[in-house]
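The values are calculated or read from the model by the stated rules, or taken from the named source; none is laboratory data. Here the structure is a predicted model, which is why all the values come from computation and not from measurement. All Cβ positions, even for glycine, are placed from backbone atoms using ideal geometry, and neighbour counts span all protein chains on display.
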């Protein structure tokens with residue numbers, strides 16, 4: 001083993017950076033293909049919450065350092081009893097995971113109103129795939145290997161995959177992907193509707209999209225995301241009522257006035273998020 005595998009690192013396991021109105025969160029365990037540790041779970045939750053609270057941030061990009069996005073839970077740590085799943089129970093060994101599932105990053109991702117784009121470089125598997133599915137947009141590189149191999153490990157997607165996948169691709173396709181547990185190449189994943197685009201540089205494209213999104217009215221985009229989320233589980237009439245509740249404050253906002261004025265003046269809008 002290398003020293004990096006035997007000695008605890010003091011480096012952050014999730015990097016946080018902001019440029020303009022875009023926050024980039026980077027999973028930072030490249031020597032383990034960004035496999036999830038107890039510490040990474042905690043740092044990722046904190047980073048997502050930080051981006052959600054920061055009024056200057058309008059869009060978030062989630063990516064991985066090095067050659068892969070995320071290889072899932074760290075199996076080596078779990079087998080050694082020092083990681084998630086050590087001893088057969090999530091949270092044993094290596095530090096405690098908060099027993100409140102609402103504080104896990106996949107739940108925080110689902111509940112955040114700001115849009116988040118997954119820039120998927122290299123491999124993505126297990127918990128990493130659930131993280132990606134929890135993002136609003138997924139952009140992958142041409143060499144990305146998507147591994148929905150839960151059935152080959154005797155487990156189910158533990159962090160939202162069973163909720164997201166049928167909604168993204170339909171019941172039959174979700175069953176095909178999950179039960180066969182075959183690796184997916186990027187073009188097949190795009191054809192199925194799991195990813196939005198296949199590009200040479202996922203982070204560059206995701207960052208470009210994020211800045212374009214951030215130039216639009218942030219209050220409106222956050223309201224759209226809330227409505228998307230509510231609409232998954234409500235009737236059309238109930239959803240129409242929720243739309244009206246979102247419209248009233250939006251039409252009273254300075255951003256709405258700026259959107260109308262910029263249209264009349266034929267210039268790009270300058271939104272302030274107010």
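I'd like the full set of residues that are out of contact with any strand residue (DSSP E or B) (no Cβ under 7 Å at 6 or more places or on another chain) and buried (at least 22 other Cβ atoms within 10 Å of the Cβ), limited to the stretch 16-36.
Here is the first cut: in the stretch 16-36, the ones out of contact with any strand residue (DSSP E or B) (no Cβ under 7 Å at 6 or more places or on another chain) are 18-20, 29-32.
29, the sole residue that qualifies.
As a summary of the residue check, residue 83 satisfies the conditions (1) farther than 30 Å from residue 142 by Cα; (2) in contact with a strand residue (DSSP E or B) (Cβ under 8 Å, 6 or more places away or on another chain); (3) at pLDDT 95 or above except for the one numbered (3).
When 238, 174 are checked against the criterion of being in contact with a helix residue (DSSP H, G or I) (Cβ under 6 Å, 6 or more places away or on another chain) and more than 24 Å from residue 66 (Cα to Cα), a single residue qualifies: 174.
With respect to the conditions (1) assigned to a loop (DSSP other than H, G, I, E, B); (2) within 15 Å of residue 118 (Cα to Cα), residue 234 falls short on a single one, namely (2).
Scan the stretch 242-250 and tell me whether some residue there is in a helix (DSSP H, G or I), in contact (Cβ under 8 Å) with a residue 60 or more places away in the chain and in contact with a helix residue (DSSP H, G or I) (Cβ under 8 Å, 6 or more places away or on another chain). Steps first, answer last, please.
First, the residues of the stretch 242-250 that are in a helix (DSSP H, G or I): 242-250.
Now drop any that are not in contact (Cβ under 8 Å) with a residue 60 or more places away in the chain, which leaves none.
For the stretch 242-250, residues in a helix (DSSP H, G or I), in contact (Cβ under 8 Å) with a residue 60 or more places away in the chain and in contact with a helix residue (DSSP H, G or I) (Cβ under 8 Å, 6 or more places away or on another chain): absent.
Would you confirm, using the coordinates I've provided, whether residue 256 is surrounded by 16 or more Cβ atoms within 10 Å (Cβ to Cβ), without any contact (Cβ under 8 Å) to a residue 60 or more places away in the chain and over 30 Å from residue 149 (Cβ atoms)? Break it down stepwise before answering.
On the way: surrounded by 16 or more Cβ atoms within 10 Å (Cβ to Cβ): yes; without any contact (Cβ under 8 Å) to a residue 60 or more places away in the chain: yes; over 30 Å from residue 149 (Cβ atoms): yes.
So residue 256 passes the test.
Against the test of being more than 22 Å from residue 143 (Cβ to Cβ) and either crowded, with 16+ Cβ neighbours inside 10 Å or not assigned by TED's automatic domain parsing to the domain that holds residue 119 (or both), the options 71, 47 yield a single qualifying residue, 47. Here is the figure for the stretch 39-64: residues that are under 23 Å from residue 122 (Cβ atoms) and not in a strand (DSSP E or B) total 7.
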